[in-house]
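Written out below as structure tokens is the structure these notes cover.
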Amino acid sequence: MSASGPPGGRTVGPFGGHTVEPPGGRGVEPPTGPPLRYGEALAALESRGRYGIRLGLGRVRALLASLDHPEREVRGALVAGTNGKGSVIALAGSALRAAGYRVGETPKPHLVTYRERIVVNGVPIPAADFARLVAEVLPHADRVARRLGPPTEFELLTAVMFRHFAQVRLDVALVEVGLGGRLDATNAWDGGVAALTNVGLDHMDRLGSTVGAIAREKVAIVKRGDRAATGAQGEALAIMRRRCARMGVPLLVAPPPPILGWTRDAIRVELPVLGAVDVGLRVRHQAANVAVADAVLDALGDAGIADVPTDARREGYATARWPGRLELVTVAVDGGTRDVLLDGAHNPDGAGALAQALDDLRPHLVGGAARPPAPLTLVWASMADKDVAGVVAAMSASLALDGATVLCTAIDAPRALPAVDLAAAWTAGNPRVTVRVSGGPGEALDEALRLARGPVVVAGSLYLVGEARARLVDDPDLRDPEEA
């Protein structure tokens, strides 16, 4: 099967028994709610958060059906996994854009603006479009609620996302699973390709207490007729293979490639077909992610969705960026500069990757050449439902933490772990660091920049990273409209 060409015009044809037509081309346009300003739309969407996380596909399927199935006009890859989903999407999306495709992505969670959760060609959905789409979807959500209960915030966002992607006529969508896979709202979509990055212990209260149980939840995104790709290993890989065999789905397995070296801003890896390739996402754990991204592109080609040539892959991987994930920001402080490293590291696997990254990057950061190197200062926050002890243990493997100071803070959210409890976990888990309780995130960042003699690391929660990034990085695309 030959892949569709890059944009200029999107191929219209059968997909899953459904003939793709322009949005609104089948039947009567559904009713629309009253116009909303951006702030009103955001409040209406976030108010659905009171319904909590309620896994299941019944409500989102009914919502998409009420909207005349916009998801059926979108092809692409659904990406699940414990870690690396966003990196895989960033790498694959960068290569697709380099090849000339119009690409939709769904980063989670957002860092600065909610609009980051729906991205086309690297740019968040415009505020006016977001408000219009929420107004269009809300009446349908109310209709579904009468039969099946109110759709959750994420289910409503999923419907808004697919409606937007259908209206802007994407070539390819790269959609990140929210939680698990089997019962996640995104699994109401069959884009043609299913990818599993890896499987570790996270969200055990909902997905199961073992790698095997969690893997079985995640591999359920593989559907008959798909192509699949994975970087999973061990028991999780065996489960993925069995699922693909049952579904009759060809599976591409992408083991981590050899690492040839790294600098402050990139790594170089050896991919099976491309050979030596530069990757613009920092440090060695991205080797596994670029291998999965390359396999996803192969699967998209085999599915007839997109054909990404070698030169576009090289360019895309080298120029890929993933904000807030081992993102290095240089900040002017007192006539000099300070390196600030932003990363989530909210579970033990992610913390282990950050720990290794700190050891790899330390010689390349400001103050790293001194003997001894200038000590690190960490600004840390966590959610209460995370394995904080496991995260601290994983971070403690880093030699770069010797003599470091950890400033513990808490974000303003119901699920946030109090700073004093976080400090107790760090004190119990790592005697090599000095632990202090700081004020809110802004105060903690100011304190770190004022007192640090070496690099500053902001981590433990992407919500914390988002607050820090909003202060440190001026990005016009992320500015929400000011409304009276």
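In table form, for the structure just shown:
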| read-out | value |
| --- | --- |
| Residues in segment 447-468 that a label on residue 264 would reach, taking backbone N under 15 Å of a point 7 Å out along Cα→Cβ | 454-456 |
| Total charge dipole magnitude, the chain, about the Cα centre, Cβ charges on Lys, Arg, Asp, Glu only, Debye to nearest 20 | 1060 |
| Degrees between helix 153-168 axis and first principal axis of the chain (Cα, 0 to 90, nearest 10) | 60 |
| C-alpha long axis of helix 419-429 to longest principal axis of the chain, angle in ° | 70 |
| Amide hydrogen neighbours beyond the local backbone of residue 306, cut-off 5 Å, H modeled | 4, 301 |
| Cα long-axis angle, helix 441-451 against the chain (0 to 90 degrees, to the nearest 10) | 40 |
| Karplus-derived 3J(HN,Hα), 6.51/-1.76/1.60, for each residue of segment 124-136, Hz, glycine and proline x | x, 3, x, 4, 5, 5, 4, 5, 4, 5, 4, 4, 6 |
| For segment 199-284: span of alpha carbons on each principal axis (Å, largest first) | 40, 31, 18 |
| Phi-based couplings in Hz for segment 343-349 (Karplus 6.51, -1.76, 1.60; Gly and Pro marked x) | 7, x, 6, 8, 9, x, 5 |
| Heavy atoms of residue 417 accessible to a 1.4 Å probe, total area in Å² rounded to 10 | 20 |
| Residue 333 long-range amide H proximity, modeled H, under 5 Å | 338 |
| Residue 213-residue 169 pseudo-label distance in nm [points 7 Å out on the Cα-to-Cβ vector] | 4.8 |
| Protein accessible area in segment 331-482, 1.4 Å probe - carbon and sulfur % | 54 |
| Range of Cα positions in the chain per principal axis (Å), largest first | 69, 54, 43 |
| Computed accessible area, residue 278, all protein chains, 1.4 angstrom probe, square angstrom | 60 |
| Amide proton proximity set for residue 379, modelled H, under 5 Å, gap of 5+ | 407, 457, 458, 459 |
| Residue-by-residue Karplus 3J(HN,Hα) for segment 280-293, coefficients 6.51, -1.76, 1.60, Hz, glycine and proline x | x, 9, 6, 6, 5, 5, 6, 4, 5, 5, 5, 5, 5, 4 |
| Cα-based reach from residue 223 at 17 Å (exclusive), listing lysines while leaving out same-chain residues under 8 positions away | none |
| Length released on extending from residue 224 to residue 421, taking residue separation times 0.36 nm less the Cα-Cα span | 66.2 nm |
| Within the chain, helix-based [θ] at 222 nm, where runs of 4 or more DSSP H residues each add -39,500 (n - 2.57), nearest 500 | -11500 deg cm²/dmol |
| Volume in Å³ per residue [convex hull over Cα atoms, computed for segment 406-454] | 71 |
| Modelled FRET efficiency - R0 51 Å, residue 205 with residue 337, Cβ distances, 0.05 increments | 0.75 |
| Relative contact order (%) - criterion: Cα under 8 Å, at least six apart; region: the chain | 16 |
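The values are calculated or read from the model by the stated rules, or taken from the named source; none is laboratory data. Please read these numbers as outputs of a predicted model, since none were measured by experiment. Using ideal geometry, Cβ is built from the backbone for each residue, glycine included, and neighbour counts are taken over all protein chains shown. Quick note on the areas: whole protein, heavy atoms, side chains included, nothing else; ligands and nucleic acids left out. Shrake-Rupley method; radii C 1.70, N 1.55, O 1.52, S 1.80 Å.
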